[in-house]
Amino acid sequence: MNYKRRKKTQIALIDDHRLFREGVRRILEMEDEFEIVAEGDDGNDVEKVVLEKNPDVILMDINMPGLNGVEATRRLISQYPDVKVIILSIHDDETYVTHSLKSGATGYLLKEMDADSLVEAVKVVAEGGAYIHPKVTHNLINEYRRLATTGEKRVSSGFRDVEYRKPLHILTRRECEVLQLMTDGKSNRAIGEILYISEKTVKNHVSNVLQKLQVDDRTQAVVEAIKNGWVYVS
């Protein structure tokens, strides 16, 4: 009996630190479903890699001597919007994460990651999801909680200004409230207490939010909210 062989996830590594890149490559090559198809040490290499190898996922360092990872991602996504990029960084500050997400990256990993996190991130992003290092997610939630508390609606950055707006073209007003509280790190029970609705109703709203945003879990929903500027003061 003939079985159709599953296509391997093709990966490109862009990082100017060759020893680190070698370590990442060895970890990923231990997975039968992964294949490293290209490597580079500068953001300027990315477009050529995409044209020649058409990788499924690009792992790219945020800091490189030529074109940095964020700007390289922005340029790449503007031409090839379906390309999936995971940023590799030593920075756990939410500012770097926000810049990366706004540039079009769908993953952000700290270089202190373990092998399991690296493999999981590539799998999630390759399947169309988003992955952010757990340590970074905690910092993001704290920052957006601060913004909600202080009433700030605009954050200036060195890359571009991020405006916050309600996603009413996708979600209902109640679902927007639930999304905001999810971003604030509230549990279903806490959301129910704040909105004076049952926990079961909260679960239904959360399920609707995930479905409408086409994501698999709460973390990915928060990522989409941040990327699109949907975190707001109610």
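Surface composition of region 1-125: carbon and sulfur atoms hold 45% of the protein heavy-atom accessible area at a 1.4 Å probe. Sort region 58-101 into rounded, prolate or oblate with this rule: let a ≥ b ≥ c be the square roots of the eigenvalues of the Cα gyration tensor; rounded if a/c is under 1.5, and if a/c is not under 1.5, prolate when a/b is larger than b/c, oblate otherwise. Because a/c hits 1.5 or more and a/b exceeds b/c, region 58-101 counts as prolate. Assuming R0 = 35 Å, can you tell me the calculated FRET efficiency for the pair Q79 and R174, based on Cβ-Cβ distance, to the nearest 0.05? After rounding, the FRET efficiency stands at 0.35.
Using per-residue counts of other Cβ atoms within 10 Å, averaged over each peptide, order 100-107, 172-179 from highest down. Walk me through the numbers before you get to the answer.
On the way: 100-107: 24.6, 172-179: 19.0.
Output ranking for 100-107, 172-179: 100-107, 172-179.
Computed over protein heavy atoms with a 1.4 angstrom probe, the accessible surface ordering of R25, R218, largest first, is R218, R25.
On a per residue basis, region 1-102 carries 56 Å² of accessible surface, using protein heavy atoms and a 1.4 Å probe.
For region 132-137, backbone phi angles converted through the Karplus equation (6.51, -1.76, 1.60; θ = phi - 60°) give residue-by-residue couplings of 10, 3, x, 4, 6, 4 Hz, Gly and Pro being listed as x. With all protein chains kept in place, the per residue accessible area of region 168-226 amounts to 54 square angstrom at a probe of 1.4 angstrom.
The values are calculated or read from the model by the stated rules, or taken from the named source; none is laboratory data. In this text, all values refer to a predicted model and were calculated from it rather than measured experimentally. As a convention, Cβ positions derive from the backbone with ideal geometry for all residues, glycine included, and neighbour counts pool all protein chains shown. SASA here: full protein model, heavy atoms, side chains in, ligands and nucleic acids out. Shrake-Rupley method; radii C 1.70, N 1.55, O 1.52, S 1.80 Å.
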